[in-house]
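Every read-out reported here was derived from the displayed coordinates using simple, explicitly stated rules and does not represent laboratory data. Everything quoted here is computed from the prediction, not taken from an experiment. Cβ sites come from the backbone with ideal geometry, for glycine too, and all protein chains shown count toward neighbours.
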């Protein structure tokens, strides 16, 4: 399987960075918007309703992080697409989690120096999502005017999903759903992630994740390679619960671990998500003190509880499918060596490629 394309973004203003990105990924962005239009209309939701729901987030974004909103406007300009369609791409997590029933997406984790062979800090994620986005995923290498460099992956047109920066801040995420989730308002996760991945310190990033208003729940693994720190943040509209590493290891999947009473996950998947969370932790603890980037890659290929395994094969037969589920990408960030390893598609079938920041 071919590797993901890398888009280098280097401009002096957020809008100009957005324009660069939009021009470079225009075809994929247009295809992604078309995908989601068909998806929502297939669920019985007219496109006019979908775009209205997406645009309802704009006032809160404008107030909290206007520079990130300017970047999004630049992406739409560069790609030659309506801004409301670009907003659908950047709110698809919120719009597909409420009111539409979500799917159990992703397995994440962080490993601190006490548990690794070279005493470095590592972050990991298997991104599970629709097979139909696989050919629309891009890698972004963003260079900001203050010297901040960011590397991450995302669906083309989205600002960012997960990655790390040259200040040692890393972020990866996974779906959780709670009974408190509701309609639009607050900061969509794509905008929040972009803001966090521009942060220079762990405390600044932590405050953004835990301090913003949100309409639906999301789980974040926040890492500081510079400080050898990590925390898992189970965030819902009513607050945040924290999971700290035990023995330098923390893992997560798609359920509320701290306060299970909040959970309103997809029907019938709680056993799957608990299995993956516990399984990844078990594999990592088995190599405790000898964990390497290579051993983590093997963990992310694991097929225990197949097809709903860490390496997910729940439905990967049709590359145009927007209703199935598979591991569309895997990322391992090595903070000690300031690089990331990314595999396109299921890691059991692909190869991790190294990317320096």
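Quickly estimate the mean residue ellipticity at 222 nm for the chain, helices only: each DSSP H run with n ≥ 4 gives -39500 (n - 2.57), and the total goes over all residues, rounded to 500.
Numbers: 11 runs with 114 residues, N = 357.
For the chain, the value works out to -9500 deg cm²/dmol.
Sort 194-201, 238-245, 274-281 by the packing proxy (mean of other Cβ within 10 Å over each peptide's residues), most packed first.
Numbers: 194-201: 21.5, 238-245: 14.4, 274-281: 20.0.
Highest-to-lowest ranking by the protection proxy: 194-201, 274-281, 238-245.
How high is the relative contact order of the chain? Use alpha-carbon pairs under 8 Å, at least six apart in sequence, and give a whole percent. Before the final figure, lay out the partial values.
On the way: 866 pairs, mean separation 70.0, N = 357.
Across the chain, relative contact order equals 20 percent.
Name the most mobile residue of 324, 170, 42, meaning the one with the largest mean-square fluctuation, in a Gaussian network model of the chain with Cα contacts below 10 Å.
42
Could you check the spin-label model distance between residue 27 and residue 298? Points 7 Å from the Cα along Cα→Cβ, value in nm.
4.0
Mind ranking 212-222, 21-31 by how tightly packed they are, going by the mean number of other C-beta atoms within 10 angstrom, highest first? It would help to have the intermediate numbers written out before the result.
Values: 212-222: 23.1, 21-31: 20.3.
Highest to lowest by the protection proxy: 212-222, 21-31.
Cut-off 10 angstrom, C-alpha nodes, Gaussian network model of the chain. Which of 272, 282, 12 fluctuates the most?
12
For a quick size check, give me the Cα extents of the range 1-153 along its three principal axes, largest first, whole Å.
On the principal axes, the range 1-153 reaches 53, 38, 36 Å in Cα extent.
Which value in nm describes the separation of the simple spin-label points at residue 356 and residue 55, placed 7 Å from the Cα toward the beta carbon?
Label at residue 356, label at residue 55, 4.6 nm between them.
As an exercise, use a Förster radius of 35 Å and the Cβ-Cβ distance of residue 43 and residue 242 to find the FRET efficiency, rounded to the nearest 0.05. The partial results should precede the final answer.
On the way: r = 34 Å, r/R0 = 0.98.
The pair residue 43/residue 242 has a calculated efficiency of 0.55.
Modelling each spin label as a point 7 Å along the Cα-to-Cβ direction, I'd like the residue 34/residue 210 distance in nm, to one decimal.
4.5
Listed highest first by mean packing, meaning other Cβ atoms within 10 Å per residue, what order do 83-92, 70-79 come in?
In decreasing order of mean packing, 83-92, 70-79 become 83-92, 70-79.
Please say if the range 76-155 is rounded, prolate or oblate, where rounded means a/c under 1.5 for a ≥ b ≥ c the square roots of the C-alpha gyration tensor eigenvalues, and otherwise the choice is prolate for a/b larger than b/c and oblate otherwise?
Numbers: a/c = 2.67, a/b = 1.38, b/c = 1.93.
Because a/c hits 1.5 or more and a/b fails to exceed b/c, the range 76-155 counts as oblate.
Contour minus end-to-end for residue 143 and residue 12, with contour as 0.36 nm per residue of separation and end-to-end as the Cα-Cα distance? Mind showing how you got there, number by number?
Values: separation 131, 0.36 × 131 = 47.16 nm, distance 0.90 nm.
Result: 46.3 nm gained on full extension.
How much length is gained if the chain between residue 114 and residue 259 is pulled fully straight, taking 0.36 nm per residue apart and subtracting their Cα-Cα distance, in nm to one decimal? Show your work: numbers first, answer last.
Working: separation 145, 0.36 × 145 = 52.20 nm, distance 2.79 nm.
Stretched fully, the residue 114-residue 259 segment lengthens by 49.4 nm.
Just to be sure I understand: with springs between alpha-carbon atoms less than 10 Å apart, which residue in 146, 228, 263 has the highest mean-square fluctuation in the Gaussian network model of the chain?
Looking only at 146, 228, 263, the largest GNM fluctuation is found for 146.
Report the dimensions of the range 32-122 along its three principal axes from the alpha-carbon atoms, largest first, rounded to Å.
53, 32, 24
Which of the three applies to the chain, rounded, prolate or oblate, going by the alpha-carbon gyration tensor with a ≥ b ≥ c and a/c under 1.5 meaning rounded? The partial results should precede the final answer.
Numbers: a/c = 1.37, a/b = 1.21, b/c = 1.14.
Taking the square roots of the gyration eigenvalues as a ≥ b ≥ c, the chain is rounded.
What full-extension length gain, to one decimal in nm, is calculated for residue 179 and residue 274 as 0.36 nm per residue of separation minus the Cα-Cα distance? Intermediate results must be reported in sequence, preceding the final value.
On the way: separation 95, 0.36 × 95 = 34.20 nm, distance 1.85 nm.
32.3 nm is the gain from fully extending residue 179 to residue 274.
What shape does the range 210-321 have by the C-alpha gyration tensor, where a ≥ b ≥ c are the square roots of the eigenvalues, rounded means a/c under 1.5, and otherwise prolate means a/b greater than b/c and oblate the rest? Mind dumping the intermediate values first?
Working: a/c = 1.78, a/b = 1.06, b/c = 1.69.
Because a/c hits 1.5 or more and a/b fails to exceed b/c, the range 210-321 counts as oblate.
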